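The structure under discussion appears below in the form of structure tokens.
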Amino acid sequence: MTAVVLAVSLSACAGGASQSASTGANALAGSDQKNTDKYTTANVTPLAKIDKSKLNLISDGTLRVGTLSDAPPNIFIKNGVFTGYDNELLKAIGAKLGLKVEFASTDFSALLSQVATKQFDVGSSSISTTDKRRQNVGFTNGYDFGYMAVVVKNGATVQKFADLKSDTRIGVVQGTVQDDYVTNTLGLQPVRFNDYNTVYANLRNGQIDAWVAPSQQAEGQVKDGDGTKIAESVVNTQNFTAYAVNKDNKALIDALNSGLDGVIADGTWSKLTKEWYPKRETPKTWKPGSKAVTVK
């Protein structure tokens, strides 16, 4: 398949920019703690008072979770088991609530609509909680924040976000914040892919010039000997990262928030964060969970 055919076919399947966050907001404008705080609960219901019979789950006692299989270190499969930072944290939250957590793989472009239509109870995929997405799904309190990266081949002309131009073949995963940033903030037309493995493979073989990626996924893909590098990485804390839930299922959102505070308070959140992001420092202006919890 030629590069031209590839780009046309992928752009067609993406349905234009309609699958992106479609905000036009500059995701790299810097931290907006005031904006994220308006969505953070003041406190949570004590875990002992959560009524599991009222959570409106697809299967009683089980969280059915839609996630990805190819985006380390956050969401991926290892030895046949769904793992990664986001999924291990959700397993810990489920344990606090006494719920079994059952994962299934999907594409990110379909995940939020599948949560909205109750095909999954929860979406776990390092999801940035944009205002546009809140029109369709609900979110828990935040458990993470994001960096955005430009990934290129060694020796490439593109070395930073400012180098992305109309003649740059820019790859993104369909429906992501990176798709929205390139399309609506930069005003450029990216080549959209369904998954992280495919977009990275197309960068390596020269079908695209640059990949605008979540930094965590970029770090999980780029390896010594690949002939690629992360040229620039910029923090994005304008919208925190959270689990997606059907927006009418407030009982489940409240329960997950309680579980999240529980794993923050007992040190599990800090342990997992250090385990999966050993080189990353959390911005001092940002904290996970409700406003009442203390990070241990």
> What number of residues within region 147-179 satisfy the criterion of being assigned to a loop (DSSP other than H, G, I, E, B) and β-branched (Val, Ile, Thr)?
Replying inline: 4
> Do the conditions hold for residue 208, that is, is it over 30 Å from residue 60 (Cβ atoms), β-branched (Val, Ile, Thr) and crowded, with 24+ Cβ neighbours inside 10 Å?
Replying inline: yes
> Only one of (1) touching a Ser or Thr at 6+ places or on another chain (Cβ under 6 Å); (2) under 30 Å from residue 251 (Cα atoms) is not met by residue 149, so which one is it?
Replying inline: (2)
>> With the structure loaded, tell me whether residue 136 is assigned to a loop (DSSP other than H, G, I, E, B) and touching a residue at least 24 places away in the same chain (Cβ under 8 Å) or whether it fails that test.
In response: yes
> Taking interchain pairs and intrachain pairs at least six residues apart, which have beta carbon atoms under 9 angstrom, with the first residue in region 147-159 and basic (Lys, Arg) and the second in a loop (DSSP other than H, G, I, E, B) and surrounded by fewer than 19 Cβ atoms within 10 Å (Cβ to Cβ)?
Replying inline: 153/206; 153/226; 153/227
>> List the helices (runs of 4 or more DSSP H) inside region 207-281, counting only whole elements, that have at least 3 residues being in the same structural domain as residue 75 (by TED's automatic domain parsing) and either without any contact (Cβ under 8 Å) to a residue 40 or more places away in the chain or among the aliphatic types (A, V, I, L, M) (or both).
In response: 250-265, 268-276
> What pairs can you find where one residue is in region 100-125 and of a type in the set (S, T, N, Q), the other is assigned to a strand (DSSP E or B), and their Cβ atoms are less than 6 Å apart, with a gap of 6+ or different chains?
Replying inline: 106/66; 114/66; 124/65; 124/67; 124/243; 125/67; 125/75
>> With the requirement that a residue be among the β-branched types (Val, Ile, Thr), in a loop (DSSP other than H, G, I, E, B) and farther than 16 Å from residue 138 by Cα, what does region 83-125 give you?
In response: 106
>> If I filter region 223-237 for residues that are at pLDDT 95 or above, closer than 16 Å to residue 145 by Cα and in contact with a Pro (Cβ under 8 Å, 6 or more places away or on another chain), do I get at least one hit?
In response: no
> In region 204-229, how many residues are in contact with a Ser or Thr (Cβ under 7 Å, 6 or more places away or on another chain) and not small (Gly, Ala, Ser)?
Replying inline: 5
> Exactly one of (1) part of a helix (DSSP H, G or I); (2) modelled with pLDDT under 90; (3) surrounded by fewer than 16 Cβ atoms within 10 Å (Cβ to Cβ) is unmet by residue 24. Its number?
Replying inline: (1)
>> Condition first: closer than 19 Å to residue 74 by Cβ and among the hydrophobic types (A, V, I, L, M, F, W, C). Now tell me which residues in region 115-149 satisfy that.
In response: 115, 120, 122, 127, 137, 139, 145, 148, 149
> Within region 179-192, which residues are crowded, with 24+ Cβ neighbours inside 10 Å and either without any contact (Cβ under 8 Å) to a residue 60 or more places away in the chain or among the charged types (D, E, K, R) (or both)?
Replying inline: 179, 180, 182, 190, 192
>> When you scan region 284-291, do you find a residue that is touching a strand residue (DSSP E or B) at 6+ places or on another chain (Cβ under 6 Å), modelled with pLDDT under 95 and over 22 Å from residue 63 (Cα atoms), even just one?
In response: yes
>> Among the numbered criteria (1) without any contact (Cβ under 8 Å) to a residue 12 or more places away in the chain; (2) in contact with a helix residue (DSSP H, G or I) (Cβ under 9 Å, 6 or more places away or on another chain), which one does residue 91 miss?
In response: (2)
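The values are calculated or read from the model by the stated rules, or taken from the named source; none is laboratory data. In this text the structure is predicted, and so the values were computed from the model without any measurement. Backbone-built Cβ (ideal geometry, glycine too); neighbour counts: all protein chains shown.
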